[in-house]
1. Restricting to the range 594-623, give me the number of residues that are surrounded by 14 or more Cβ atoms within 10 Å (Cβ to Cβ) and not in a loop (DSSP other than H, G, I, E, B).
2. Criterion first (more than 19 Å from V225 (Cβ to Cβ), among the acidic types (D, E) and surrounded by fewer than 23 Cβ atoms within 10 Å (Cβ to Cβ)) does D148 satisfy it?
3. Among strands (runs of 3 or more DSSP E) lying entirely in the range 644-685, which contain 2 or more residues that are in contact (Cβ under 8 Å) with a residue 12 or more places away in the chain?
4. Can you find, within the range 564-593, the residue that is farthest from the chain's Cα centre (by Cα) among those that are of a type in the set (V, I, T) and assigned to a strand (DSSP E or B)?
5. Here are some residues: W67, W161. Which one is in a helix (DSSP H, G or I) and more than 21 Å from F187 (Cβ to Cβ)?
6. Going by what's in this entry, would P242 be described as touching a Pro at 6+ places or on another chain (Cβ under 9 Å) and not assigned by TED's automatic domain parsing to the domain that holds I120?
7. Would you check which residues across the range 373-399 are more than 34 Å from the chain's Cα centre (by Cα) and of a type in the set (D, E, K, R) and list them?
8. Inspect the range 461-469 for any residue being assigned by TED's automatic domain parsing to the domain that holds P581, assigned to a loop (DSSP other than H, G, I, E, B) and modelled with pLDDT under 95 and give the result as yes or no.
Amino acid sequence: MSDPRKTTWRWAGVTALGIVVGFIAVLLANVRFFYTDDTETQYVPFWLRVGQLLREGHFPTVAPEQWMSGNFAVEGEAGIYNPPQLLISFIAPSVDNLLVLATVVKFLYTLVLALGIFRICIEYGAKPQWAAVAGVAFPFSGWFLFLDLASWATSLAGTAWLAVTWAAAVRYARGRGGPIPVFVFAFFAITTGYIWPGLETILMIIAVAVGELVYQRKWFPSIRVALAAGFGVLAGAITYLPGILSSNVTWRDAEFVLKNDGFMTVPWSESLNASLPTTLPSFTSWFGLIQPMPMVYIAWFLIPGLAFIDWKAAAKSAREVSAIAIFASIALMWAAGPAVIGPLRWPARVLPMLAMGLLILVCVLLSRHGTLRSLRSRCIAAGVLLGLLLLRTMSAAPSGRLWLHTGGAVVVAVLGAAVLFIAAKRTPTAACVALIVTIAPIAFYQVHAKVPHPMSWNIPERRSVAQAGFPDFTGTTIQLGDSLQFPNDAKDINGVYGSLVVGYYAGDLGLDYVNGYTPIGHYWFSQHLCMKWDGSVCPDARRRLFEKEPTTGKPLVDLMKLDRVVLQRLLYPDAIKDAPPPGWHWVDYPPHGKWIYVLERDGGPISSDNGRIADAQGVTATSVSESDPTSRARVTSENGGRVVFARLPWPGYSVTLDGRELDVHNVKDIFLAVDIPAGTKDGDLVVTFRPPGWKTGLAAAALGLSGIGVLQWLYVRRRKTDEAADDSPAESKDLVPAS
């Protein structure tokens, strides 16, 4: 008889191998697949920037020259409180090929995710081979593959930590493990900084707690799981406190909105598309009504596999696996709307949670209650389910795709018949191997059918190549352009990326740009310069940038201490015909003149002159020292005055003069300003940024650590008691003295 532990480890290895093969299949279909959209314009440049700061000995909180995209504490997704992400960021600057960096990082996270799902299935009583099927299948399900794996790296990371948290929670609830893994993995899930997997982790813990109460009919296992995860959430709360406490100046204001406009809400009927690889679902998104990718696909065997479960026997396991059904039901309800819940939007983003819940549930039930009895009837039932899949998929996207969808249904039928034949003639284990083998080819087909990825920016892969082909824009630069006007056939280093940036691409180049990527934004800054999430602007931004601010008499371009203005020629085709503003001149940067016009200051850069002091009226102000979070200046004012800094007045700034706290003011809502009292002579003025709520966050972290310490002490104490009881010799009647 084989050792169950060795069998489990062997199938965990099969799971890992399945992920390796799946990644190879995807890369063969599209080598850039894992370096797509937000990964290339946001996440990888974030890693580079944060990593560089860490190497210089600075903890990243704010980058003033990046303006509204430079508040790392508010953005959250920089992962500045997440240890695994900090390690990735620390390593990132040593890597030249950013495609390789992104692919390796995503592979490692996917491995954690797949093994987490494998472990969840094991904890719910699935055989290792079926756990491997679920673990390999999930990462290559539709939405997760085409969006989370391809683009949204923090969603991938958060989902990976969610999965291992789930497995650890069930182990802890059922007395097979301790509380520390629950705490650590929940902390990792929260501190990725992406709110969706954070909330989904909380909902998963609720589902597990309720499920364990239903199964064990005791409160204590559910309470201890909730406490262990809750302490992890407390420890990671510092990730979100700055965003919450800064919401009044961001696009995500604190006003609670609940509405459903139908955008990115997925009707329940789309679940009937979950097992047809050719499916193109119908719901409203950025791509219109018909989606160009199989976003609702989960696994070809999921829906037909329902016909081969002994549902009478499965009913007896309902209580034991109720948490999985609860979690999947929450995801199903949420995906259908409402479209906006406060700061949360696009509920289609929970489709991976629905896929995860359903895959785990079906694989556990097939493992425990799968049957080939009454095979003919079950095959007919599976055929009916496949027919419903085909009808729904044809209804969602009928134009020109009827034969394609029919062919997809035939492939599913053939694959199903082959797996059934293997299961009947050989073993269920062989059938599981066959299921795993089918996953990579289907992923290859789906990815190959969409090359390039519909969301790809095609940003240069190698930093060295990008930097060599880009102008040497020293100092601080602002680009006035619109990424929507980038021609698709010019998105390469020899085209627009030889002189224009999109999102946080300047981070790849090692240049200081105002333009960046931000889903949070600064409301007033974006209003004044009409700057969008990816750094694009409206045509009027040029006028606004050089328009004088009335209280200082200086234009924004001076108050921001900018050295250079790059104008996209497609947005400003006749700009060169205009005389340059006073103090500026046109500069030619051949061979980049096809795409840009450039204005630079007469006399050279000013961004480093006198620190970040942008204006001083009634005050003599001299910079003493500068860092990203701190400006220190020597100030003198006989009658009182004001100093304006080239810093956004984010919540979290404080000012002291000779140790006495002063009020923080602003100019035009976008420049931090300080009033200097009359009679000040050689005063020590210190401007400091600390993320708002940092003290509360540290206190919450201390409480979380203390709480998990208590739970671990109780767990160890209980184990020692149980072990002592097991080691005590049983009392024998033969040893009882006769009366």
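The values are calculated or read from the model by the stated rules, or taken from the named source; none is laboratory data. Only a predicted model underlies this, so the values are computations on that prediction, with no experimental measurement involved. Quick reminder, even Gly has a Cβ in these numbers, built from the backbone with ideal geometry, and neighbours come from all protein chains shown.
1. 15
2. no
3. On the way: elements: 653-657, 660-662, 665-667, 671-676.
Qualifying strands (runs of 3 or more DSSP E): 653-657, 665-667, 671-676.
4. Going through the qualifying residues, I end up with V587.
5. Every option except W67 fails the conditions.
6. No; evaluated as a whole, the condition is false for this residue.
7. R373, R376, R378
8. Within the range 461-469, one or more residues are assigned by TED's automatic domain parsing to the domain that holds P581, assigned to a loop (DSSP other than H, G, I, E, B) and modelled with pLDDT under 95.
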